[in-house]
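For reference, the structure is listed below as structure tokens.
What follows is calculated from the coordinates using simple rules that are stated; it is not laboratory data. Just so it is clear, the model here is predicted, and its values are computed rather than measured. Note: ideal-geometry Cβ built from the backbone for every residue, glycine included; neighbour counts use all protein chains shown.
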């Protein structure tokens, strides 16, 4: 079950028509509460799916199924009581822990650790932080790291503000922002899975958002493998870099007359 199927069911069985753009409202204001109450669980057959995956779906929990099957029988009251006791004892939390077991720990360049939610996008972000940055920007300070469940997971707000980067507009920042203070280079990295690379349009948007930032900017589109890169190769802006996790020791330079480094 997913929000689209809810819309179809309401239309076909109750004659109630909801627009397709209400799917997120249905998810947040209806489905989410059933998940919290232990009636539904998200992606039970693949807890690694990120929240924003088009394949995200929901199913009744085993405990809820037993209550539904007992309706109209002599065991309904006892099954309902068992379910309510399970909910009170943390049924939703138990399912949340199952999903958390699939989470992705990421070691920060300066020490410490953050935990990313499950999903291919965050697997790639893990590779960027733990493999790309130490190799191509050793000692760089991680200023911003997004997450598919939590848009801004790690934010160095004061350092971003010092650099003239708008800290109140996280949705305009790329997935990862890191500062190489030794060279004065700002790495702006898009982890490309479901969303696109640093395209000419995206490059222009970021240049405008960072118009008050004086650091030299290095734009990077990161991919898990060459297959994913080939899907987006014709969208990548000139004067940017490409890194592929399957070939971690190399960069593809879209710069023409120079290797990795800021322009202008």
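Note on residue 107 and residue 246: the model spin-label points, each 7 Å out from Cα along the C-beta direction, lie 2.6 nm apart. With both labels modelled 7 Å from their Cα along Cα-to-Cβ, the residue 253 to residue 76 distance reads 7.4 nm.
In terms of the Cα gyration tensor, with a ≥ b ≥ c the square roots of its eigenvalues, is the range 104-253 rounded because a/c is under 1.5, prolate because a/b exceeds b/c, or oblate? Here the range 104-253 falls in the rounded category. Annotation: peptides 136-143, 125-132, 29-36, ranked by per-residue average of other Cβ atoms within 10 Å with the highest first, follow the order 125-132, 136-143, 29-36. Remark: spin-label model distance residue 162-residue 181 equals 0.6 nm, labels positioned 7 Å along the Cα→Cβ axis. Rounded to the nearest 0.05, the FRET efficiency derived from the C-beta distance between residue 231 and residue 172 at R0 = 25 Å is 0.55. Straightening the chain between residue 14 and residue 238 buys 75.3 nm, computed as 0.36 nm per residue apart minus the Cα-Cα spacing.
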